[in-house]
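Here the structure is laid out as C-alpha cells; the discussion comes afterwards.
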Amino acid sequence: MKPAPFAYARAASLPEVFDLLDRHGESARLLAGGQSLVAALNLRLSSPGILLDINGVEALRGIGFADGVLRIGALTRHAELGADPLVARHAPLLARAVPHIAHAAIRTRGTIGGSLALADPAAELPACALALDATLVLASRGGERRVAAVDFFQGLYQTALRGDEVLAAVEIASRAGQACTLQELARRHGDYAIVGLAAQAGPPGAGVALAWFGVGGTPLRTPRAEAALVAGDLAGAQAALAGEIDPPADLHGPPALRHHLARVLLGRAAAALKGH
Amino acid sequence: MSELSAVDRPNSYIGRSVPRPNAKRLLAGRGQYVDDLRLPRMVHVAFLRSPHAHARILAIDSTAAKAAPGVVRVVTGAEMAAVCTPWVGVLHHLKGLKSAPQHALAIDRACWQGEPVVAVVARTRAEAEDAVGLIEVAWEALPAAVDMEAALAAGTLVIHPELGDNLAFQREHVGGEPDSCFADPDGVVVQATFHTGRHTGVCLEGRAILADWNPAEGRLTAYHSNQAPHMMQTVFAKHLGLREGDVRVICRDVGGSYGIKVHVYPDEMATAALARMLARPVKFSADRIEGMVSDIHARDHRITARAAVTKDGTITAMEIDDLTGIGPYSVYPRTSAVEGNQVVNLCGGPYGLRGYKARTTVVFQNKTPTCQYRAVGHPIATAVTEGLVDLAAEAIGMDPAEIRRRNLLPDDGYPFRNLANLAFEGLSHHACLTKLLAMMDYEALKAERDALRAKGVYRGIGIASFIELTNPSPFMYGIGGARISAMDGATVRLDPDGSIAIASGVTEQGQGTEAMLAQIVAGAVGVDLSRVRVTTGDTETTPYGGGTWASRGAGIGGEAALQAGNALREQILVIAGAMLQAAPESLDVRGGAVVDRATGAERLALEELGRIVYFRGDTLPKDLPRELVATRHYTPKDYPFAFTNGAQASYLEVDVETGFVTLLKHWCVEDCGTVINPMLVDEQIRGGVVQGLGGALLEHCVYSPEGQLLTGSLADYLLPMAGEMPDIAVAHVETPTKESALGAKGAGEAGTAGAPAAVQNAINDALRPFGARVFAQPFTPARILTALGKI
C-alpha cells in the first residue's frame, strides 16, 4: 500500500519544532527513526497531514554522563545504545535489551525516543525505562519538565506527552555494578515478545524492579512479586504474578500461556540476577 | 570402457555446479520484474476489496472516487462482466467436483474477505488507493460459513444455493483389504487426528501484471509474474473473447512462485480486462497486505488416520479420512480439489501395505480460496503417514528407523503399482534411508539424546520417508479438459558467431531453470556455457509449453532441450562433414569447435562453420541441408508421473518449560534421478525444507469465527527466518528415469514434502518421556505446553 498524501517539514532546532507543532497542531506527527510510523503510514493506519522530521535537531542527540546521571538523547539509535560504553556501564539493562529489538536494519534507524513515545506495550525499551526508574525529559516552548517512567506510560499507546511537547531525553541514575537481566520469549528472534521481563536490582539489599512487557496494555511493574523475590521466595513471587498481570488472549494463545511463561521467565530472571 | 550415455559427453555440464547465467544480472539490479516495467500512457489499478467474509453488495457510490485527482476510471462488477466472462474451476476427471461461476469483480455478493469488488484506475497507485478510500459500498453482512468442520452440517449456510450444499468434491479409494488388516486380533492399531495449518506461499515478488491492449493490432500483451504463460494466454483469450494467437503473455523475471503464480486471480483478470476497456497499459502489483487475503492459501486439512501393525513390525494397513476447506470457489483452471485428491493418492506411499482406505472431503467456506502450493498434498500426506509409522513403532517398541527398514518398498521391487494405484518406475527408499542414517550418525545421535535427557534436556530425532510426484503427464490436467500443456518444447539455434540461443517453454522463477537448460544444451551441442543464451517466458518467441510447476522444468523441459541440442549437433556435423569431406560420424563438437571424434583434434571452429553457412552458402554443395536450428518437444508417456522419493530427519530441542522448539540440524536425502546442477538442486531442497519448517512451526493463516483473517501481515504471519533455521545437510541418490535420455526427475517438492513430518516426529520423540504428543501444525509453544499439561 502507499501512504495517504502528507506534507513534510524538516526542523533544524527545537524552537523550529515547536513552531511547526503550533502551526499544525493535531495533524502533525514527529518523524524520528520512522520504524513504526512509516509502516503505519503505508498501512494507512495513520494519515497525518504533515510529518515533522526531527532528525536534524542536534539538541536531541548524544549520550552524556554527569553528576551520577546518564542522559540519553531521544534520537539515539538502538544500535548506538547497544554500542555505547557509558550505557554499558551505567545502564547495562539497556545494552542487554538492544539485541532483542527487531533486526539490524531497524536498530540502525529506530530511536529510543521513538520507542518510548510510541509506548508499544510489547516493546523492550519502555519496560527497561520502567525497570530503571528512568526520568523522561519532555521539552516544550515553555521549557523542560521531567516525568518518571511510571507516570509516563498511561495506557495502550498512551503517554504523558502533550501535543506541544517533544520527548527530548531519558535520564537514568547510574546503575553501575548492579545486577540486571532481560528475558524474553519471542517466536522468532526480533519479533515482539510474547512475554518479556526487564529486571533491575538496586544496590545490595535495596530490592529489585520487575518490569514486564507483552502482558498488558502498558509495560508494568509487579510490586508483590518484587517483594516476594527480595524476601527470597521465588515460588511466592511466581504465585503473586497471577494477581498482578492480566494478559490478553491473542494469536499466540490464551491468557494461561502468558501467565505460565511469565512464571518461567521470573524463575530464569531470578537465577540470572543471583548469578550476577 | 563402458558406453557413454547420451548425457555423458566429453564436455558435458551435467552434474556440475556452474553458476547461474542470470544470477549476476539479478544481483546487479538489472532484473526486469513486472513492477520495473513502465510503458507510455501506463496507468495503475487498485481494488476495493470486501471487508466482510460474506456480504451482499446493496449499492456502490463511486461519485467522489471518480472526481478524485488522477482517476481515469472506476469499474464495478456489473461493468466488468460485460468485458470479462466468469469461469468455473472444475475438471472432468475429478468426478463430481462442482463450483460456482466466479467473476473478476464481485457483482451482487462478496464471498471472502479480500475478494475484489471495485477497480479504480488512476495515474499512480497512490492516487488509485486514495480514490478507493472514497468509494462507499452499502453492505449487508451475511452469515458466513467459516468452520470447515461445520460446512456440511444442517443449519450451516450454503454458500452457493444453486449447488445444493457446500460439498465441492469427495473421493474415496479402497485398495487391498484394509478391513481384515484392522480386524487382525494379533495386530495393533494406532490412530491420531492430524491438522495442517492453512498456509500461503509468500513470494519475494508479489503477484503482478502489466496488461496492454493495442487496438491497432487487436492484440493483448500481458507482462505477467507467472509460471505458465501459455496457460494464461488461453485463459485471457477465452474470457476476454479473443483468439489465443491474439494474446501474448511475457514472463520476464519472476521473483518466486511456489505454485502461487499458476492460478487465475480475479484481480489479474480484471487488470487485463481494464487494459482492453481503456486501450492503454494498466499495471496491477499486489502489495503484501492484499496478497495475504488474495494469493491462494493451501493445506487447511484435518485428517483422522489409523494404521494397523503386527507385533513383529509389519505395517499392514492405513486408513485416512481427510477434510479440507477451500474457500468459496474452486480455483480456476487447476481446481481446488487436487490437494485433497493428492492426500488420498500419497498417504502410505513409501510402504508396501496390504490394505489402504482413504477419503477426502472438500468443502466450501467463506475464506480465501485455496489451491496448489508447493508440494501439493505431500507435506500433509507425509505428516500423516510418518506420524502413524512412529506411533506404530512406539506401540510395538521398535526403533523408528528399524520399522521403516522393515516396511519401505524394496529398492529392487520396481516397477510397482501400489494400493493407491500409483505406478512407480524406480525408487530408492532403502538407499536414501541408509544414507540419511549414516549422514546423521543415527546411533551416536540417539546416544547424545539419551544422555542429555538424563540431564533434563529434551531433544528429539524425527525421520520421515516420502514419495514425490514430478514430471506430470497429461494425466494431471489435460485429461480433465484443461488447456494446460504437459508437453514442452525447446528450440536451439546456432548463430554465425558460434553462439547458441535456446528458447524454451518452461519458465524461470528464480530456481535456476535457465541455468539448467544452458547446461544441458551446452553439453549436447558441445560449446562453452558462456556461449549459450536462454529465452523463456514468452508465448510469442518460445515453443508452446506448460511452464514450470509440479517439478517439471528439468524432467520435461530439460529433456526437450537435450533432444534439440542433440539434433542441432547432428545438423552441424552433417554440414561440417561436407565442408571437411569427412564422415559426420567421425566428427564431434566439443568446446565450440568441430573436432575429430577419435583424437579430439580441432577441425573447424563453429564461428567458421557459421560464417560459411550464413554468408558463403554459395561454396557449399547445393543439396546440403542448411538448418542450424532444431526444435524438439517432449511429453512423458510411459508413466502418468515420474515418482521420486527421499528421506529427511530433524534433530531438535524442546524447552519443556516454555514449549519453544529449537531446530538443531536437518538432513535430507533425495532421489531426483540425474542431478544436472548439484548446487541448484541442493538449494532447491534447502529452500523447500525451510518452507516445510515454516509450516511445521510458524506459518498459519488464522481466521476469526466471523471469517476475518487475523494474520493479515508479515508481522502476524510468521515466516521462517535465517536465524531460526538449522544447518540443512543435503545428499542424493540417483535413480534416473529410463523414460528420458536425460533421466532427470523433479526436485522441487522434496524439501517441503518431508520437513514437517520430520519435525513432528522429532518433537514427539522429545516429548516421549512426558507421554505428550502433538499432531496439529504449526507446533506452537501453546500447543506443546497444552500437550504437556502445563497450560
Please name all residue pairs, on different chains or six or more residues apart, with Cβ atoms under 6 Å, provided the first residue is in the stretch B:450-461 and is in contact (Cβ under 8 Å) with a residue 60 or more places away in the chain and the second residue is of a type in the set (Phe, Trp, Tyr) and assigned to a strand (DSSP E or B). B:461/B:651
Go through the stretch B:174-211 and report how many residues are within 24 Å of residue B:780 (Cβ to Cβ) and of a type in the set (D, E, K, R). 1
Under 9 Å between Cβ atoms, at least 6 apart or on separate chains: pull out the pairs that start in the stretch B:257-278 with a residue that is among the basic types (Lys, Arg) and end on any residue that is assigned to a helix (DSSP H, G or I). B:276/B:240
Collect the residues in the stretch A:244-265 that are in contact with a Lys or Arg (Cβ under 7 Å, 6 or more places away or on another chain), assigned to a helix (DSSP H, G or I) and either more than 9 Å from chain B (Cβ to nearest Cβ) or among the aliphatic types (A, V, I, L, M) (or both), keeping them in residue-number order. A:244
For the stretch A:4-22, the count of residues that are closer than 28 Å to residue B:134 by Cα and either buried (at least 18 other Cβ atoms within 10 Å of the Cβ) or at pLDDT 95 or above (or both) equals 4
Using the structure shown, decide if residue A:268 is of a type in the set (D, E, K, R), under 18 Å from residue A:93 (Cα atoms) and either within 14 Å of chain B (Cβ to nearest Cβ) or touching a residue at least 60 places away in the same chain (Cβ under 8 Å) (or both). yes
Closer than 30 Å to residue B:234 by Cα and either assigned to a strand (DSSP E or B) or in the same structural domain as residue B:512 (by TED's automatic domain parsing) (or both), is that true of residue B:560? yes
Give the stretch B:659-682 a look and list any residue that's in a strand (DSSP E or B), within 19 Å of the chain's Cα centre (by Cα) and more than 30 Å from residue B:782 (Cα to Cα), or say none. B:670, B:671, B:673
So in the stretch A:23-54, with the set limited to residues that are crowded, with 17+ Cβ neighbours inside 10 Å and more than 17 Å from residue A:5 (Cα to Cα), which one is farthest from the other protein chains (Cβ to nearest Cβ)? A:54
Is it true that some residue in the stretch A:20-37 is closer than 26 Å to residue A:132 by Cα and among the polar types (S, T, N, Q)? yes
With B:383, B:395 as the choices, which residue is in contact (Cβ under 8 Å) with a residue 24 or more places away in the chain and surrounded by fewer than 24 Cβ atoms within 10 Å (Cβ to Cβ)? B:395
Residues to consider are B:693, B:718, B:714; find the one that is more than 10 Å from chain A (Cβ to nearest Cβ), of a type in the set (A, V, I, L, M) and not in a helix (DSSP H, G or I). B:714
If you go through the stretch A:190-197 one residue at a time, do you hit one that is touching a His at 6+ places or on another chain (Cβ under 7 Å), outside any strand (DSSP E or B) and within 13 Å of chain B (Cβ to nearest Cβ)? yes
Do the conditions hold for residue A:203, that is, is it modelled with pLDDT under 95 and away from chain B (no Cβ under 14 Å)? yes
So in the stretch B:343-380, with the set limited to residues that are in contact with a Lys or Arg (Cβ under 9 Å, 6 or more places away or on another chain) and either surrounded by fewer than 24 Cβ atoms within 10 Å (Cβ to Cβ) or basic (Lys, Arg) (or both), which one is nearest to residue B:421 (Cα to Cα)? B:344
For the stretch B:721-754, which positions are in contact with a strand residue (DSSP E or B) (Cβ under 8 Å, 6 or more places away or on another chain), within 12 Å of chain A (Cβ to nearest Cβ) and surrounded by fewer than 17 Cβ atoms within 10 Å (Cβ to Cβ)? B:725
In the stretch B:418-452, which residue that is in a helix (DSSP H, G or I) and among the hydroxyl-bearing types (Ser, Thr, Tyr) is farthest from residue B:738 (Cα to Cα)? B:442
With the condition being more than 24 Å from the chain's Cα centre (by Cα), of a type outside the set (S, T, N, Q) and not assigned by TED's automatic domain parsing to the domain that holds residue B:717, I'd like the helices (runs of 4 or more DSSP H) fully within the stretch B:262-353 carrying at least 3 qualifying residues. B:266-278
Please go through the stretch A:88-119 and pick out each residue that is among the polar types (S, T, N, Q) and either part of a loop (DSSP other than H, G, I, E, B) or surrounded by fewer than 24 Cβ atoms within 10 Å (Cβ to Cβ) (or both). A:108
Which listed residue is under 23 Å from residue A:120 (Cβ atoms), assigned to a helix (DSSP H, G or I), among the hydrophobic types (A, V, I, L, M, F, W, C) and away from chain B (no Cβ under 11 Å), from A:229, A:241: A:241
Given the conditions (1) in contact with a His (Cβ under 9 Å, 6 or more places away or on another chain); (2) within 14 Å of chain A (Cβ to nearest Cβ), which single one is not true for residue B:287? (1)
Taking the conditions exactly as written (outside the structural domain of residue B:559 (by TED's automatic domain parsing), at pLDDT 95 or above and under 28 Å from residue B:423 (Cα atoms)), does residue B:772 satisfy them or not? no
Members of the stretch A:141-185 that are within 15 Å of residue A:118 (Cβ to Cβ), among the polar types (S, T, N, Q) and either surrounded by 14 or more Cβ atoms within 10 Å (Cβ to Cβ) or not assigned by TED's automatic domain parsing to the domain that holds residue A:90 (or both): A:159
Kindly check whether there is at least one residue in the stretch A:55-78 that is under 19 Å from the mean Cα position of the chain (by Cα), assigned to a helix (DSSP H, G or I) and surrounded by fewer than 18 Cβ atoms within 10 Å (Cβ to Cβ). no
Applying the selection to the stretch B:696-711, what residues are within 10 Å of another protein chain (Cβ to nearest Cβ) and in contact with a Phe, Trp or Tyr (Cβ under 7 Å, 6 or more places away or on another chain)? B:697, B:710, B:711
Residues of the stretch A:140-194 classified as in contact with a Phe, Trp or Tyr (Cβ under 7 Å, 6 or more places away or on another chain) and either closer than 20 Å to residue A:106 by Cα or of a type in the set (A, V, I, L, M, F, W, C) (or both), total: 4
Which residues, taken from the stretch A:193-211, are buried (at least 20 other Cβ atoms within 10 Å of the Cβ) and either without any contact (Cβ under 8 Å) to a residue 60 or more places away in the chain or over 20 Å from residue A:95 (Cβ atoms) (or both)? A:194, A:195
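The values are calculated or read from the model by the stated rules, or taken from the named source; none is laboratory data. Note that the structure is predicted; figures quoted are calculated from it, not measured. Every residue, glycine as well, gets a Cβ built from its backbone with ideal geometry; the counts of neighbours run over all protein chains shown.
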